């Protein structure tokens with residue numbers, strides 16, 4: 001067994017945040033984030049024009065390309081995963097991820113029991129179930145922010161977007177995807193831990209059932225699917241903004257469940273809601289990551305849903321975030337949803353009005369891939385594909401004036 005020094009949540013921190021930026025200040029900054037405009041009374045409209053594309057000679061031809069899930073790659077299926085024993089014993093004895101070396105298949109179930117203790121650098125002694133967060137813990141970034149301090153947590157695969165799960169002192173876990181099992185004590189990088197947990201994992205015997213697979217989404221969608229979908233969303237003044245770079249096929253319940261399983265949180269809809277939610281989270285010693293995002297428009301209306309993934313300390317400046325709109329189209333009897341996903345990496349000057357706005361990573365395809373990896377690691381889609389539509393968007397500027405580039409592909413995932 002090898003100890004992996006790769007932490008899922010190692011994030012760069014700035015001095016002003018480490019010094020403890022007050023929540024109210026963070027929320028105040030949210031009033032001037034990307035997508036706000038100084039054009040009062042302007043009607044919200046869908047962005048159907050002003051699409052910036054490369055010259056036709058350099059534009060890729062419209063087509064559909066299937067995506068192979070990490071669950072379907074060679075060696076990932078239950079039959080292909082190397083045979084393992086019915087039970088294993090591990091020792092977690094430092095504050096890094098422990099690579100157990102055990103390969104698991106998506107859907108396998110295992111029972112965990114854990115004993116032992118760790119002494120944290122601040123003097124607290126914790127067991128596998130962990131301790132409730134203290135005030136100082138609100139200024140720390142944990143591998144799994146929803147788990148208690150010092151609790152035993154795990155993850156399957158070392159993909160950057162994979163979501164850890166809580167193990168604690170015991171319980172049954174269904175593996176969300178295929179890959180090696182990693183275990184760790186849930187502490188931040190500035191909170192060292194000494195001690196050990198003895199962990200026993202025993203596999204649950206499952207009744208075999210024939211999987212019923214529907215048609216792959218690559219056979220259900222085509223470039224024509226997106227013929228009536230605007231290539232970009234816009235702000236309330238009809239300034240073209242972010243690129244529509246992903247689509248989902250599923251019911252609203254499936255969409256909500258998929259984002260939750262993949263570690264995304266539904267953001268607060270207003271600053272007023274954020275203030276209340278942030279205060280309640282603080283009083284409950286919970287991390288606050290649901291800071292609202294600006295309203296953008298598609299099909300003549302604001303986004304139906306908004307989600308984010310971010311470090312609680314950095315959420316005001318840096319986070320993965322996206323917006324979702326339900327279309328009028330149906331694919332294989334289920335609604336088609338589309339959206340725009342971008343990665344906020346700091347602050348910049350809004351070129352429309354000089355106010356403060358978010359700066360996005362100009363390589364927006366990276367955020368599309370992060371969304372794919374997070375859904376794949378959570379095992380929430382049955383099939384996925386890339387679609388290059390007619391007139392793919394390759395280069396453009398956001399509504400706030402920032403440039404971005406793309407290969408023009410739209411990610412499509414059929415949800416479970």
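What the table below lists for this structure:
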quantity: Inter-label distance for residue 174 and residue 85, nm, one decimal - labels placed 7 Å from Cα along Cα-to-Cβ; calculated: 2.8 nm
quantity: Cβ crowding within 10 Å averaged over residues, with 123-130, 383-390 ranked highest first; calculated: 383-390, 123-130
quantity: Estimated inter-spin distance, residue 216 and residue 109, nm [label 7 Å along Cα→Cβ]; calculated: 3.0 nm
quantity: Extension gain from residue 196 to residue 63, taking 0.36 nm per residue of separation minus the Cα-Cα distance; calculated: 42.6 nm
quantity: Gained length - residue 96 relative to residue 135, 0.36 nm times residue gap less alpha-carbon distance; calculated: 11.7 nm
quantity: Nitroxide proxy distance, nm - points 7 Å out along Cα→Cβ at residue 237 and residue 260; calculated: 3.9 nm
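We did not get these values from a lab; they are worked out from the coordinates using the rules stated. This is a predicted model, so every value here is computed, not measured. Every residue, glycine among them, receives a Cβ derived from its backbone with ideal geometry; neighbour counts consider all protein chains shown.
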